[in-house]
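Data first, discussion second: the structure below is written as structure tokens.
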Amino acid sequence: MAIKVGIPRGLWFYDYYPLWKTFYEYLGAEVVLSRPTNKQILDMGVKNTVDEACLPVKVFHGHVIDLKDKVDYIFVPKIMSVYEKEYICPKFCGLPEMVFHSIKDLPQLIDVEINFNKSRKNLEETIYKFGYYITRDKEKIKKAYEKALENYSNYKMKLRNGYLPIDGKFVDFNNKLDKNIRSRIAIVGHTYNMYDSYTSMNLFNKLKKDKVDITVPEMIDFEIINKYANELEKKMFWSFGRKLLGSSMYFAQVQNVDGIIYISSFGCGIDSIIQDLFERNARKQGKIPFLLLTIDEHSGEAGINTRIEAFLDMIEWRKRNEGNLSAHG
Amino acid sequence: MKNCYLGIDVGSVSTNVVLMDDNKKIISKIYIRTNGKPIDAVQRGLREVKSQIKEDINVKAVGTTGSGRHLASTIIGSDVVKNEITAHGIAALNFVDGVRTILEIGGQDSKIILLKDGIINDFAMNTVCAAGTGSFLDRQAARMEIDIKDFGGLALESKNSVRIAGRCAVFAESDMIHKQQLGHNQEDIIKGLCDAMVRNYLNNLAKGKEIAGPVVFQGGVAANVGIKKSFEEALGTQIFVPPHYDVMGALGCCLLAKEHAAKGNKTKFQGFDIINSGYDVKGIECCDCANMCEVIEILRDGQLTARWGDKCGKWSDLVKSDIERLA
């Protein structure tokens, strides 16, 4: 029987899962994903995570619990750095340890360290380490990684074209040709907050229903983001932060959106800085309306809905500049 | 027969009902406590409105707002269901000349709305925490056994404000208790609390925003002269509290309803009869998937009128088809 590798549907999932899924499948393992976030997963996560952690980390723990009795290995890499001289959120760095000490009776964790902070020279060795859990055949691992990269770039291409991985499943948000579009809004934030429809309270589909054309940083050419991010006075050393700040400068410059919604989890250390810088770029430089949505454990959607509705109203009002508002919303 | 517009704001702490005529004159205004029972509050509010009006009226349109706006809408049948920010903004724009900034503090929410050229230009609401809102003041007043109506007045009597931590309601409360145990007098502590709330509001909501005059302070907490004074001190400008500060949301709804009716739309208002109907709310936990949604059912005189709370939509869709079948 094939070895089962579980991939939790949380944190880096929306950034990288096609890569690792293809990788392990090519090596002959069966990849099992945890279910999309639901109340049970959230509850389990909250119960089994240190209290200080942010919502997405708690959700991640829930996903690990969802997988633990179904698989032989759970994929929880220790992601320190994916780009030179940059880091990922400190909670990612300690994730395997956090999971290991918080949850009992776990299968073995695939907790290889990914650290390209100094250089990418150790890339090959890192890949082998990931593969050794399934096979010792170096050639095969290499081949699997090539395949995985190929699939991964296809995935990113799809994102670029407006197919967004809501809960890991592609949903078409490429509605530029639709004539009924009311406004164009950028949704920004960490991918695990945005694309998890449970924690984001279905923000994407709500906006789609309201005839809003959505754009996200993932739809912007990576090189453009980097070009803008390089204009920062000081290098942003968090990879996620660099991406967000680069896109904020892009939006402010290009002026192709009517508003920006930033979705952030309560208590996020990175967002405490990035969100503020982002807001300054968008609001002050770009004069683009900006809305911050803070998410946490609450399941009542009234607060989020009120803010979204008011934001859409305001944008429409600003656009038309006349007191002609829709009756609902 | 006089044409009227009804606006209802169902908030966490208070429910407000306003009846306005064609000339934007307020015929009746009711401010009552929601007391955790929004349906009952709407019925009570309408009953009071009905007892206040002597002449024959014709309700041309109805608007609802507040966190209970959807609930209220299903009960009375409203034409406009609007978020609080838009409703508050529209009310202030219509009743205060040239308003540029609206400070609004309600029961659970606080908001800042910035206006420019007669439209809402920017807004912010408090984040996940409800520290520094009306319900917190209520709680503190109750703890000190002071009538909330006298709370603000006491702050004005203070000669030496005490510093209270304002960032978090829990910290604020323990800080107040510490200061009280040190022997500080009540007025100074209350004044300190007002200052703390204003400080928290300005640091949190108004952060990075340009507060231009005229500044309007509305929402239930605007009744608190202590908070108003603290705002004036902190901003160094005069704060204007409009005459109907406590029902501005409902007032905004009247205006929106009027606009709606002016377009020739017929009202969905179910009439004042609903005050005699019996409403039941049933909550069920759907166990069909791991989301375990808390579904709410609203029954009017035993008949299902609305259902919501599910993520997948199968319960709320069901009621739609039920009603269609009945029709």
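The values are calculated or read from the model by the stated rules, or taken from the named source; none is laboratory data. These numbers were taken from a predicted model, which means no experiment stands behind them. Neighbour counts are summed over all protein chains in view; Cβ atoms, including those assigned to glycine, are modelled from backbone coordinates with ideal geometry.
Can you say whether A:ASN202 is in contact with a Gly (Cβ under 6 Å, 6 or more places away or on another chain) and outside the structural domain of A:PHE92 (by TED's automatic domain parsing), as far as the supplied structure shows? In short, no. If the condition is being in a helix (DSSP H, G or I) and more than 12 Å from chain B (Cβ to nearest Cβ), then segment A:250-271 contributes A:TYR250, A:PHE251, A:ALA252, A:GLN253, A:VAL254, A:GLY269, A:ILE270. Please verify whether B:SER78 is within 13 Å of chain A (Cβ to nearest Cβ), part of a loop (DSSP other than H, G, I, E, B), under 23 Å from B:GLY264 (Cα atoms) and of a type outside the set (Val, Ile, Thr), treating the condition exactly as stated. Spelling it out, B:SER78 is indeed within 13 Å of chain A (Cβ to nearest Cβ), part of a loop (DSSP other than H, G, I, E, B), under 23 Å from B:GLY264 (Cα atoms) and of a type outside the set (Val, Ile, Thr).
Let's see how each residue does on (1) touching a strand residue (DSSP E or B) at 6+ places or on another chain (Cβ under 8 Å); (2) buried (at least 22 other Cβ atoms within 10 Å of the Cβ):
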{"site": "B:VAL18", "(1), (2)": "yes, yes"}
{"site": "B:SER28", "(1), (2)": "yes, no"}
{"site": "B:GLY36", "(1), (2)": "no, no"}
{"site": "B:VAL49", "(1), (2)": "yes, yes"}
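Would you confirm, using the coordinates I've provided, whether B:ALA92 is closer than 29 Å to B:ALA212 by Cα, more than 13 Å from chain A (Cβ to nearest Cβ) and outside any loop (DSSP other than H, G, I, E, B)? In short, yes.
Tallying residues that are touching an Asp or Glu at 6+ places or on another chain (Cβ under 7 Å) and assigned to a helix (DSSP H, G or I) within segment A:30-41 yields 1. Kindly check whether there is at least one residue in segment A:42-49 that is more than 14 Å from chain B (Cβ to nearest Cβ) and touching a Ser or Thr at 6+ places or on another chain (Cβ under 9 Å). Yes: one or more hits. For segment A:271-319, taking the residues that are under 30 Å from A:MET236 (Cα atoms) and among the small types (Gly, Ala, Ser), the one that is modelled with the lowest pLDDT is identified as A:GLY286. Scan segment B:53-74 for residues that are over 18 Å from the mean Cα position of the chain (by Cα) and buried (at least 24 other Cβ atoms within 10 Å of the Cβ) and the total you get is 1. Each residue in segment B:77-111 was checked for being surrounded by fewer than 24 Cβ atoms within 10 Å (Cβ to Cβ) and in contact with a Phe, Trp or Tyr (Cβ under 7 Å, 6 or more places away or on another chain), and 2 pass. Taking the criterion of being away from chain A (no Cβ under 14 Å) and surrounded by fewer than 19 Cβ atoms within 10 Å (Cβ to Cβ), the residues of segment B:245-273 that qualify are B:GLN270, B:GLY271, B:PHE272, B:ASP273.
For segment A:56-101, the candidate set comprises residues that are part of a strand (DSSP E or B) and not β-branched (Val, Ile, Thr); within that set, the residue that is nearest to A:ASN117 (Cα to Cα) is A:SER81.
For segment A:13-29, which residues satisfy the criterion of being within 15 Å of A:PRO77 (Cα to Cα) and either aliphatic (A, V, I, L, M) or not in a helix (DSSP H, G or I) (or both)? Answer for segment A:13-29, where residues must be within 15 Å of A:PRO77 (Cα to Cα) and either aliphatic (A, V, I, L, M) or not in a helix (DSSP H, G or I) (or both): just A:LEU19.
Listed conditions (1) charged (D, E, K, R); (2) surrounded by fewer than 19 Cβ atoms within 10 Å (Cβ to Cβ); (3) touching a residue at least 40 places away in the same chain (Cβ under 8 Å) are all met by A:ASP66, apart from (2). Taking the numbered list (1) within 19 Å of A:ILE308 (Cα to Cα); (2) free of Cβ contacts under 8 Å to residues at least 60 places away in the same chain; (3) within 18 Å of the chain's Cα centre (by Cα) in turn, B:ILE119 passes all entries but (3). Considering every residue within segment A:257-270, establish whether at least one is of a type in the set (S, T, N, Q) and at pLDDT below 85. No; the residues of segment A:257-270 include none that is of a type in the set (S, T, N, Q) and at pLDDT below 85. Number of residues in segment A:89-103 that are of a type in the set (Val, Ile, Thr) and either surrounded by fewer than 23 Cβ atoms within 10 Å (Cβ to Cβ) or not assigned by TED's automatic domain parsing to the domain that holds A:SER119 (or both) equals 1.
Condition check ((1) modelled with pLDDT of 85 or more; (2) in the same structural domain as B:VAL198 (by TED's automatic domain parsing)) across all residues:
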residue: B:GLY219; (1), (2): yes, yes
residue: B:GLY226; (1), (2): yes, yes
residue: B:LYS229; (1), (2): yes, yes
residue: B:GLU233; (1), (2): yes, yes
residue: B:LEU256; (1), (2): yes, no
residue: B:GLU259; (1), (2): yes, no
residue: B:LYS263; (1), (2): yes, no
residue: B:GLU294; (1), (2): no, no
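Name the pairs: first residue in segment B:164-191 and within 22 Å of B:PHE231 (Cα to Cα), second residue among the acidic types (Asp, Glu) and modelled with pLDDT of 85 or more, Cβ to Cβ under 6 Å, at least 6 apart or on different chains? Close Cβ pairs satisfying both conditions: B:ILE164/B:ASP175; B:ALA165/B:ASP175; B:GLU187/B:GLU157. Among the candidates A:PHE278, A:PHE311, A:PHE237, the residue that is surrounded by fewer than 19 Cβ atoms within 10 Å (Cβ to Cβ), in contact (Cβ under 8 Å) with a residue 40 or more places away in the chain and out of contact with any Cys (no Cβ under 7 Å at 6 or more places or on another chain) is uniquely A:PHE237. Among the residues of segment B:97-142, those identified as in contact with a strand residue (DSSP E or B) (Cβ under 9 Å, 6 or more places away or on another chain), more than 14 Å from chain A (Cβ to nearest Cβ) and modelled with pLDDT under 85 are B:GLY132, B:GLY134. Within segment B:290-297, does at least one residue satisfy the condition of being away from chain A (no Cβ under 14 Å) and over 15 Å from B:ILE76 (Cα atoms)? The answer is yes, given that some residue of segment B:290-297 is away from chain A (no Cβ under 14 Å) and over 15 Å from B:ILE76 (Cα atoms). Against the criterion of being closer than 18 Å to A:SER183 by Cβ, at the interface with chain B (Cβ under 9 Å from one of its Cβ atoms) and assigned to a helix (DSSP H, G or I), A:ILE315 does not qualify.
Scanning segment A:216-234 for residues that are in contact (Cβ under 8 Å) with a residue 40 or more places away in the chain and surrounded by 22 or more Cβ atoms within 10 Å (Cβ to Cβ) yields a single hit, A:GLU218.
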